[in-house]
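Visitor: This is the structure I want to talk about, given as structure tokens.
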Amino acid sequence: MSAAPVTELDLHAYVDGGLPPGRQAEVAQHLAQHEEDARRVAAYRVQNERLHDVYDALLVEAVPAHLHSADGARKRRAWYRYAAAAMLMLASGTAGWHLHERVAGTRAQTTQIARVAAMAHAVYTPEVRHPVEVGADQEEHLVRWLSKRLGTSLKIPHLAPQGYALVGGRLLPGERGPAAQFMYQDAKGQRLTLYVRVSNDVRAPTAFRFAQENGVGVFYWLDGRLGYALSGETDRAELLRVADAVYQQLNP
Amino acid sequence: MDQPVETFATRAMQYIPRLRRYARALTGDNSAADDLVQDALERALLKQALWREGTDLRAWLFTVMHNIFINQVRSAAANRLVPMDDVAADAFVDTSPVQATDRLEIRDLDAALQALPDDQRAVVLLVGLEQMTYDEAAKVLDVPIGTVMSRLSRGRERLRSLLQRTPETNPLKVVK
């Protein structure tokens, strides 16, 4: 049976990862034989990457102070001042969350997942009363709930041998849907977070990659439809030791 | 338990960075973007009763912000230069061989985006930057999905031709 003709919609959905795997393969085959379509698809992918390169800095930048200072010309509502101020506190609290690196510099090396995971780490680890939505005492419920929301069967690594106890987990908004964050803590109260998200693309397992954003180190890797990022404010060797343990448990 | 208002505000706050990212790319200007985000958050707070629990808050906030943007564009239209329409912009498309592009400077991408018609730029950004599905983008913009597709298609193609040109040979002056 021959494949249905490739449409304009197919080309865009191919770029945006919106095709079912079978169709994705058919379009890939089409592109191998149609140079102009392949050029367009490549250009659109580059467009998407450049949009992220240029504008993703806004995701991790502290909400600027001038936003919540009255300028007289516009009425500033208390709620927004609260929101902006709280965001600023959350964002700058632990990590001094300002993006020092130039957008055009090393951004490309720090992928989306590392950035999002590092930010989620910086936002939630300082929480004293509500660091997680579901605590480790309800681990079974936690894993069932997050597996259901992410649409895949999740496993929670146990890091007691590495000196870290599970605190619990929470659901987060990810780039394309729900993501999960598991939090761990050692005897001194040092916290690590494991961020997990699902992607439409099935990827061959990647090696560990390391990224650092203002004191938060992240080891991240992709495995099938899942992407993982382990974040912590510990030194790199320690983080790698734990990342390795996580990987071993997820891939026995 | 938190008060309902606080819960909504806290949830909405999570999306401030994403709203700012989109607003910045959409308006091409930092302060215009922050004004737009602030207007959207104020409106969202006032209209929060209209948001239904269990539905996508991100999409709802983007819808609120987009509506404000459209109204601003419309009310400002009388005082602005008329945006270049499709035909005129196509006349500028350079057909000379493509030169290998170096890393794109921010202002180049900004400028190219600003050269797109507003509705095409919005779709290119919602899909390419915000990574919404076509369906989600259609809901945010309140247009049929077919319209999203045609705007995406024209927007990306326009952007491609704009970005392929080197600055020296670029005949299109874009106001920063």
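Visitor: Residues in the range A:151-174: is at least one under 14 Å from the mean Cα position of the chain (by Cα) and over 25 Å from B:Glu130 (Cβ atoms)?
Guide: Applying the first criterion (under 14 Å from the mean Cα position of the chain (by Cα)) to the range A:151-174 yields A:170-174.
The next check asks that each one be over 25 Å from B:Glu130 (Cβ atoms); those that pass are none.
Scanning the range A:151-174 turns up no residue that is under 14 Å from the mean Cα position of the chain (by Cα) and over 25 Å from B:Glu130 (Cβ atoms).
Quick grid of which residues meet (1) outside any helix (DSSP H, G or I); (2) modelled with pLDDT under 90; (3) within 23 Å of A:Val60 (Cα to Cα):
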residue: B:Ser31; (1), (2), (3): no, yes, yes
residue: B:Leu41; (1), (2), (3): no, yes, yes
residue: B:Leu45; (1), (2), (3): no, yes, no
residue: B:Ala59; (1), (2), (3): no, no, yes
residue: B:Thr63; (1), (2), (3): no, no, yes
residue: B:Arg74; (1), (2), (3): no, yes, no
residue: B:Leu81; (1), (2), (3): yes, yes, no
residue: B:Val87; (1), (2), (3): no, yes, no
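Visitor: Output the residues belonging to the range A:1-22 that are free of Cβ contacts under 8 Å to residues at least 40 places away in the same chain and closer than 17 Å to B:Tyr134 by Cα. Before the answer, list the steps.
Guide: Initially, the range A:1-22 is screened for residues free of Cβ contacts under 8 Å to residues at least 40 places away in the same chain, giving A:1-16, A:19-20, A:22.
Scanning the range A:1-22 gives A:Thr7, A:Glu8, A:Leu9, A:Asp10, A:Leu11, A:His12, A:Ala13, A:Tyr14, A:Val15, A:Asp16, A:Leu19, A:Pro20.
Visitor: Consider the range A:32-64. How many of its residues are more than 20 Å from the chain's Cα centre (by Cα), of a type in the set (A, V, I, L, M, F, W, C) and outside any helix (DSSP H, G or I)?
Guide: 0
Visitor: Further question on the same structure: In the range B:13-29, how many are in a helix (DSSP H, G or I) and closer than 24 Å to B:Val143 by Cα?
Guide: Residues of the range B:13-29 in a helix (DSSP H, G or I): B:13, B:16-27.
If we keep only those that are closer than 24 Å to B:Val143 by Cα as well, we get B:18-27.
Total meeting the criteria: 10.
Visitor: Working only within the range B:6-34, note down all residues that are surrounded by 20 or more Cβ atoms within 10 Å (Cβ to Cβ), hydroxyl-bearing (Ser, Thr, Tyr) and over 20 Å from A:Pro178 (Cα atoms).
Guide: B:Thr27
The values are calculated or read from the model by the stated rules, or taken from the named source; none is laboratory data. Note that the structure is a prediction, hence the values are computed from the model and not measured. Reconstructed Cβ throughout: ideal geometry from the backbone, glycine too, with neighbour counts over all protein chains shown.
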